[in-house]
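Colleague: There's a structure below that I have some questions on.
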Amino acid sequence: MNNRLFKKGLLVLLTMPWLVTGADWPTYMADPSRSGVTTDSLPPILTTTWTFRSLYPPRPAWQGEAKWDGYNKVYDMKARQIFDRAFHVAIGEDLVFFGSSADDKIYALEAATGREVWSQYTEGPVRLAPTYHKGKLLTGSDDGWVYCHRASDGELLWRTRPAPEDVRVPGNGRMISLWPIRTGVVIYDDKAYCGAGMFPSETVYLASLDLETGKVIWQSGQTDLPAQGYVLASNEHLYFPAGRNNPVVLNRADGKRVRVVEGSGGTYALLTGDFLIFGPGKTGQLGVVESESSDQLASFEGNHMIVTQGKSYLHSDTGLSALDRTRYLQIIRDRKALQDKQGAAHKRLNELKKKDPTTLEASDQTTLRALQKVILDLGTQIDLLTTTLPDCFLWKINCDFPYSMIMAGDHIVLGGDHKVAAFEARTGQKTWEDKVDGNAYGLAASNGRLYVSTDKGFVHCFAQSDKPVSQASVQ
Amino acid sequence: MNSSFLTCIICFNTLAMSLCLEAQNQSEFKSRWIFDAGHLSRSTVKPVKGWLPGKIEGTTVLGKNPEHFIFDGKTTIMLADDHNQAGLPVDNLYVEAWARVDQPLTYGGLLGAIHDNGDDESGWLLGYQDSAFSFALASQATGRLTYLKVNENFEPERWYHVAATYNGEVMEVYVNGELKAQSKEQSGPILYPTRTWYEIGAYHDSNEYFKMTGGLQEVAIGDKPLTASEIRERFLLKADLFPEPEPKPEPLELRAGPFATWEGEGRVRFRWETKDAGATILTMENERGHRQVYLDETSTQFHEVLVGDLEKDSEYHYTLSSKSEDGSVTSTSPYLFDTTFYYEPVQLERRLQTFPTDNRTTLVETFVDQFIHEQGVTQGYCLILGAEDGRLATELAYRTDMQVMIAESDPVKVGELRKNLDRAQVYGARVSVHHVKKGDSLPYGPYFANFITSESTLYHGSLPDWSASEVYRVLRPCGGVLKIGQSNSGGSIKVNAAMLAEWGREAGPSNLRLSEQKGLWIQALRPALEGAGEWSHQYGGADNSSCSQDEIVQGDLRVLWWGEPGPRPMPDRGPRNPAPLSVNGRLFVQGDRILFGLDAYNGSMLWTLFNPEMRRANLIRDSSNMVASNDHLYLAEAGYCWAIDAQHGTLTRSFRVPLTEELDREYDWSYLAVVGDILIGSAVRSDSRYLGDDGEWYENFSDQETSKIVSESLFAFDRYTGQKLWEYDSNAIINSTITIGDGVIYLIESGNEKIASQLNARIPNELLTDTRLVAIDLEEGTRVWDKPQDFSNCQYMIYMSYANGKLAVTGTDKDKNYHIYAFNTLFSNPESGDSQPTLQIPGTMLWEEKHKEDKGHHSGHLQHPVIIGDTFYSDQRALDLNTGEILRKDLPKRRGCGTMSAGLNSIFFRHYFHSMWDLKSDKRTQFEGIRPGCWLGLIPANGLLLAPESSAGCSCTHSIQTTVSYAPVGAR
């Protein structure tokens, strides 16, 4: 990692170009950068106002990773190609939208009541959340089609198949397209972007679509990587997660590939400024990559991250922490410099030690002793810096909400095992907790309401309510 | 002052003193780690004192009473991979641990940073040697380590406080507060290596890594030696927290099993056989420690328990126990059962009356009844060509486990059908409706449909909207059923026989036929594809040719299906695991102690069978534990071979190793082959197999990796009657050489009598002397011929393959030179220029070839050969099997571990990814993004290339991990 990258990183990480400020949560994790942040605050005390229950639970395409990597002795590996454990929601026009991998439908529910306003069929599982934009709702399905419905009443405006053929084969236990849409659809500058395909040997098609007609503006075939995981967009670029591999960066204007970034793979990703943060890697690491580079700048232990001005919130299986990012990165940089020096001294020392001891000259002996001292001194300095790293954490709490994280107003919301909770961003203090049915893998917040999607097929809506809990809207 | 008040004061004072001492001692420590829930996360241990966290390299399991970290023999806690980063004490040292060692080691570690490599000795370690605690330390004054060992053994599974001090003059070891050993061999500052690991729970240096099995509750280190009285106080401070070890039951001896099979979601049936009769006890414990005990007092050797209400996606540990008549209880070690591995389709419950009860009700129910009764097809995919109201699809979804597809050309009907099916609560879950334009080709890949019918034809007699040849294209070979027409139970038959016949004729004169049984139908039962091969044994067939004889798989391939099993249930990719098998349209995959039966043409999971004792690895030096036939999968497990129904996964028959009753020794069923009605097996001393459970790769040259598994007898059964046909006794048959061709079994055996005295049947090269090439009659078990032959150059491995009357023995020596020997198996007159050709007797060596391995990496020296026709492919070369002439040396590059497989027209291998060499076009193709494992994972069979997931554990970033099948483009 070089200093230039670090300095640039420090500057850019301070920025936060996307911030959902309205009442909508128009796409997965709020915006094209998948920040998971809205300025909308949630009421301090939330109550379940309605619950949608799917007759059948979500059917994710993939199971988890192997139990271990025997050769490298890596244990507890994280699932790197799962993105559809729950029905993630998008919100617009006071409607809650989601697709179902259980019954192949797209749903629109009234945000206030959970009443079904409309639903539409597709011909395969809908694994990723739709995206709402200016009265339209765009959804990708495993049947290989991108659907555009009028958000208010569900009328089909157009549908487009990015792949050149309609070929259906058994895939993940269902009869689906050989080129399923497993990137969701991202909209930027009134254009839609998505990817179709799994197997590079069949060519994977990345495409830009005209929002009005669905016509393909450009199409880019890739023959080395799949497209799996929510696509992200910035002003210049598109970022396509590639399942267990690392995201592919494309020019948004013409679809030309810019690079494949370095890292340890995974379908979770967010953009902050020109930085891509993605994971969870082998065992739960989030890599930070600058958009102009494929190199990884830094990595953090954790499953999810929220980035705000000057602060990062890191979320792991067992904890949540707030980090003074500027200071932390500075220390890491300083320590890395010392470690590089120490490594060089080690190398020199080992070279001397390889020599026949009987042929060592007095000067060599002196050098040897000096090197040993340098190594020890540098070790002490490294230790010293390491001991200051914990000071960069503004706060840390142990908590057992490992599955999801968003930020609403001045609160962090976390999803856990049959539960969900809110934490004050300034202090980490838990301010609210409630039960949900299943593991809370999906969170969204809009207009004072919190939506929690679980792996049992529930969508819970929490809001401030003067009334007792209303009747559950059960399908 | 009453006594209780006095007690309170004493208690308070004791507590206060303890807290005071705790605080005082804590201040003396440089670092201290306590292994309780408050300091443990999934991957790290937070220090109580100091800044250095421990990184858990392995599995985090927290024990109770008191809370402690459980070391499983594979897990350690890494503090620093360079001890220089840890700032360790130099002049004085105090180190202590509350430890429980369950399995002694020659060199075991609790905490330390040590280096001991020949004369290069440095660092220190608090640990144990065999069953005694020890403290090793090297000072700069001596440059050598002193291993100060306590002169009395610890008791496994008992907690101890172990402490060691070094004050620059004296080393001391204390156990439970008492001084147990002392040495003045070392003096002055501690000598540290340039770099070593600072680690908890292991003895780790550059050439040794021994991991602890046991528990640690606390570990601490300081740079000021504590006095004897302080150490005793440290011991007393926590001594009462640690309970006496629980008495362990005697181990339960199993004869077979346990086998576990699903009986619906959350319901599992366990079966096992014990050596002695006793009560049946099964204890299940979930991840939260909740236990449930299933007990049946009936004394039996054959045990069976049905367990219900298991939670989804959870791991359970279960123990089998038995209680004898005298009341003594014996138990197995805990086994793991993972409910994640449930792959049944969505189970439907009839909740709603969606359709009216009318004539169609009877019509549909009768049709489905007849179909299930006559055909027995209940799994896979069903295609309905045209539908009216969706009742047939709904009935099929409810009555079978099939996924049902409706192809309908009328868009209005499509909408209505979806609404009907949604109301019936089956849309998406089990039934899909696809709008497919009339006259168009069907949008499906080939071969997927187990059953094809038409609701529109059933109701109205209308013909399907798509041509019969196109419909036949998607019908599954090896038993797919097409039945389109009308039943006479539904009133008058409207379908026109001539038109129906005409429609069917288009698919070919013999494929579809008219039937008037209970109506008027056009129907088909699709046979196996012409030219399709099968992969019934580890290396293709019993001939070990690694060729399926499949003529179909060639040219450009396209993905046919993908799905489970994924990486989660599979063994780690490295340890040379058993190959998948495929016969008669089915695919069999061996996971990590779990078997899967799949439909090879659409990936439908037919069955799963769990068996925690089923595992075999290092097949380079052994034979596989499974073979397949048209109707059964055969699995060797312990002393049995089990016949498993290929379609349903049920255990239909067991065959027992004949030797078990006759000798005072337990034997396992080892080698397996099926030829016709004959099941061939071999007996090997129990517990000789390789398990590959520790991430082994078996790539290097050492007895631990290259010792060959040998059998002491070969035998045959009639696989249908169970009758034993014959038995052939031997000193030592090398399993990896047993080969069958043209009615003869060929093998290599060693006559070295020293083998008999070995502890198990893993025999190192130095004992595999006095070797003979032997031919045995398959029907009779009699020796046909044999011949002494030296194979001592086959050291890394030794394989034998058969083709066209020739035997080829392949091995590499310790310098990775290939040695290939070809033998004649028949009397023959080879053509020669001589006027009097020489008569060759069986066993005559035809040619011999030696070369340095060409590949040079990743198992290049271990490659199993492929024989296609008369061409022998080995390493990077192709040779004429008859003459040994080298035909080419440019076999495809094969980056990565693994070995080749073949059909008649293509060779398959790993070159980073799934890869293929088309022999006719010489085209070499990579299927990017997905890779096979480290042995044989790509099999051409049934006209397909089948690639079950076998890359599990690869922490590399291959983008897809799944089971996948490919078919030639344009396959019909």
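The values are calculated or read from the model by the stated rules, or taken from the named source; none is laboratory data. Model, not experiment: these values are computed from the prediction. Backbone-built Cβ (ideal geometry, glycine too); neighbour counts: all protein chains shown. The area values use the complete protein model at the heavy-atom level, side chains included, leaving out ligands, DNA and RNA. Shrake-Rupley method; radii C 1.70, N 1.55, O 1.52, S 1.80 Å.
Colleague: Between the range A:392-422 and the range B:894-972, what is the separation of their alpha carbon centroids in Å?
Modeller: Using only Cα atoms to place each centre, the spacing works out to 43 Å.
Colleague: How much length is gained on full extension from residue B:299 to residue B:36, taking 0.36 nm per residue of separation minus their Cα-Cα distance? It would help to have the intermediate numbers written out before the result.
Modeller: Details: separation 263, 0.36 × 263 = 94.68 nm, distance 4.25 nm.
Working it through step by step, the gained length comes to 90.4 nm.
Colleague: Can you tell me the length gained on complete extension of the stretch residue B:888 to residue B:275, counting 0.36 nm per residue apart and subtracting the Cα distance? Walk me through the numbers before you get to the answer.
Modeller: Numbers: separation 613, 0.36 × 613 = 220.68 nm, distance 5.59 nm.
Stretched fully, the residue B:888-residue B:275 segment lengthens by 215.1 nm.
Colleague: Give me a single rounded figure for A:115-124: the average over its residues of other chain Cβ atoms within 10 Å of their Cβ.
Modeller: 3
Colleague: For the pairs A:311/A:419; A:215/A:256; B:889/B:923; A:67/B:855; B:248/B:275; A:105/B:413, note any where the Cα-Cα span goes beyond 24 Å.
Modeller: In this structure, A:311/A:419; A:67/B:855 exceed 24 Å between Cα atoms.
Colleague: In peptide A:200-207, what is the residue-averaged number of other protein chain Cβ atoms found within 10 Å of each Cβ? Numbers along the way, then the final one.
Modeller: Numbers: counts 8, 14, 3, 0, 2, 0, 0, 0.
Rounded to a whole number, the mean comes out at 3.
Colleague: Go through the range B:901-915 residue by residue and turn each phi into a ³J(HN,Hα) via Karplus (6.51, -1.76, 1.60, θ = phi - 60°); whole Hz please, and just put x for glycine and proline.
Modeller: 9, 7, x, 6, 10, 8, 10, 10, 6, 9, 10, 6, 10, 4, 9
Colleague: Here's a follow-up. Taking a ≥ b ≥ c as the square roots of the Cα gyration tensor eigenvalues, with a/c under 1.5 meaning rounded and otherwise prolate when a/b beats b/c, else oblate, which class fits chain A?
Modeller: Values: a/c = 2.25, a/b = 1.61, b/c = 1.39.
Prolate.
Colleague: Mind checking which lysines have their C-alpha under 21 Å from residue B:149, skipping anything on the same chain fewer than 8 residues away?
Modeller: Leaving aside lysines fewer than 8 places away in the same chain, those within reach of residue B:149 are B:180, B:184, B:211.
Colleague: Through the Karplus equation 6.51 cos²θ - 1.76 cosθ + 1.60, θ set to phi - 60°, convert the phi angles of the range A:174-182 into ³J(HN,Hα) values in whole Hz; use x for Gly and Pro.
Modeller: 10, 8, 9, 5, 5, 10, x, 8, 10
Colleague: Compute the long axis of helix A:3-13 from its Cα atoms, compare it with the longest principal axis of the Cα atoms of chain A, and write down the angle in degrees, 0 to 90, nearest 10.
Modeller: Rounded to the nearest ten degrees, it is 30.
Colleague: At 1.4 Å probe size, with no ligands or nucleic acids counted, give the accessible surface of residue A:218 in Å², nearest ten.
Modeller: For residue A:218, the solvent-accessible surface is approximately 20 Å².
Colleague: Just checking the output field for B:431-442: average partner chain Cβ neighbours within 10 Å of each residue's Cβ? Mind dumping the intermediate values first?
Modeller: Details: counts 1, 11, 3, 6, 1, 2, 0, 0, 0, 1, 1, 2.
The per-residue average across the peptide is 2.
Colleague: Just to verify a number: FRET efficiency for residue B:208 and residue B:770, C-beta to C-beta distance, R0 = 45 Å, to 0.05?
Modeller: The value I calculate is 0.80.
Colleague: Same structure again: Loop only by DSSP, 15 or fewer other Cβ within 10 Å of the Cβ. Give me the GluC sites (Glu not before Pro) in the range B:494-581 that pass, ordered by residue number.
Modeller: B:506, B:516, B:530
Colleague: Describe numerically, in nm with one decimal, the distance between label points set 7 Å from Cα along Cα→Cβ at residue B:370 and at residue A:352.
Modeller: Distance between label points: 9.4 nm.
Colleague: Let me make sure I get this right: for the range B:183-306, a, b and c are the square roots of the gyration tensor eigenvalues over alpha carbons, sorted descending. Under 1.5 in a/c it's rounded, otherwise prolate if a/b > b/c, else oblate. Which is it?
Modeller: Values: a/c = 3.11, a/b = 2.35, b/c = 1.32.
Prolate.
Colleague: If you don't mind, there's one more thing I want to ask. Any idea how far apart residue B:119 and residue B:756 come out in nm if each label point goes 7 Å out from Cα toward Cβ?
Modeller: The answer from the label model is 4.7 nm.
Colleague: Next up: In what order, largest first, do B:250, B:28, B:699 sit by accessible area if the probe radius is 1.4 Å?
Modeller: B:250, B:28, B:699
Colleague: Describe numerically, in nm with one decimal, the distance between label points set 7 Å from Cα along Cα→Cβ at residue A:396 and at residue B:704.
Modeller: About 3.6 nm separates the two model spin labels.
Colleague: If you don't mind, another one. May I ask you to derive the relative contact order of chain A, considering only C-alpha pairs under 8 Å and at least 6 residues apart, and to give it as an integer percent?
Modeller: Relative CO of chain A lands at 18 percent.
Colleague: Still on this model: Taking 8 Å as the Cα distance limit and 6 or more residues as the minimum spacing, I'd like the relative contact order of the range A:54-99 as a percentage.
Modeller: Numbers: 46 pairs, mean separation 14.7, N = 46.
Contact order relative to length: 32 percent.
Colleague: Hey, which aspartates and glutamates would be in cross-link range of residue B:814, C-alpha to C-alpha under 13 Å, not counting anything within fewer than 8 residues on its own chain?
Modeller: The qualifying aspartates and glutamates are B:699, B:703, B:705, B:766, B:853.
Colleague: Something else: To the nearest 20 debye, what is the magnitude of the charge dipole of the range A:277-411 about its Cα centre, counting +1 on the Cβ of each Lys and Arg and -1 on the Cβ of each Asp and Glu? Can you show the working numbers first?
Modeller: Details: 16 positive and 17 negative charges, 82 e Å.
In debye, rounded to 20, the range A:277-411 gives about 400.
Colleague: Karplus couplings for the range B:471-486 from phi (6.51 cos²θ - 1.76 cosθ + 1.60, θ = phi - 60°), rounded to Hz, Gly and Pro as x?
Modeller: The phi angles translate into 5, 5, 4, 8, 6, 5, x, 6, x, x, 10, 10, 8, 10, x, 10 Hz.
Colleague: Keeping every protein chain present and rolling a 1.4 Å probe, give me the accessible area per residue for the protein assembly as shown in Å².
Modeller: 37 Å²
Colleague: Mean shadow of the range B:322-393, computed from the convex hull of its alpha carbons, in nm²?
Modeller: The number I arrive at for the range B:322-393 is 10.4 nm².
Colleague: Run down the lysines and flag those whose C-alpha is under 21 Å from the C-alpha of residue A:347, throwing out any fewer than 8 positions away in its chain.
Modeller: Correct list for residue A:347: A:336, A:355, A:373.
Colleague: How would the protein assembly as shown be classified by its alpha-carbon gyration tensor: rounded, prolate or oblate, with rounded meaning a/c under 1.5 and the a/b versus b/c comparison settling the rest?
Modeller: oblate
Colleague: Which whole-number value in Å³ per residue fits the convex hull of the alpha carbons of chain B?
Modeller: 226 Å³
Colleague: Note down the relative contact order for chain B as a percent, whole number, built from C-alpha pairs under 8 angstrom at least six residues apart. Let's see the in-between values first.
Modeller: Working: 2516 pairs, mean separation 70.8, N = 972.
Dividing the mean separation by the residue count of chain B yields 7 percent.
Colleague: If I ignore ligands, DNA and RNA and count only protein heavy atoms, how much of residue B:564 is accessible to a 1.4 Å probe, in Å² to the nearest 10?
Modeller: 40 Å²
Colleague: Can you tell me the FRET efficiency between residue B:780 and residue B:850 if r is taken as the Cβ-Cβ distance and R0 is 22 Å, rounded to the nearest 0.05?
Modeller: Working: r = 36 Å, r/R0 = 1.65.
Computed FRET efficiency for residue B:780 and residue B:850 comes out at 0.05.
Colleague: Can you put B:921, A:208 in order of accessible area, largest first, using a 1.4 Å probe?
Modeller: Highest to lowest solvent-accessible surface, that is B:921, A:208.
Colleague: Now a separate question. Leaving out ligands, DNA and RNA, calculate the buried accessible area for the pair A and B with a 1.4 Å probe, summed over both sides, in Å² to the nearest 100.
Modeller: Buried surface at the A/B interface: approximately 6400 Å².
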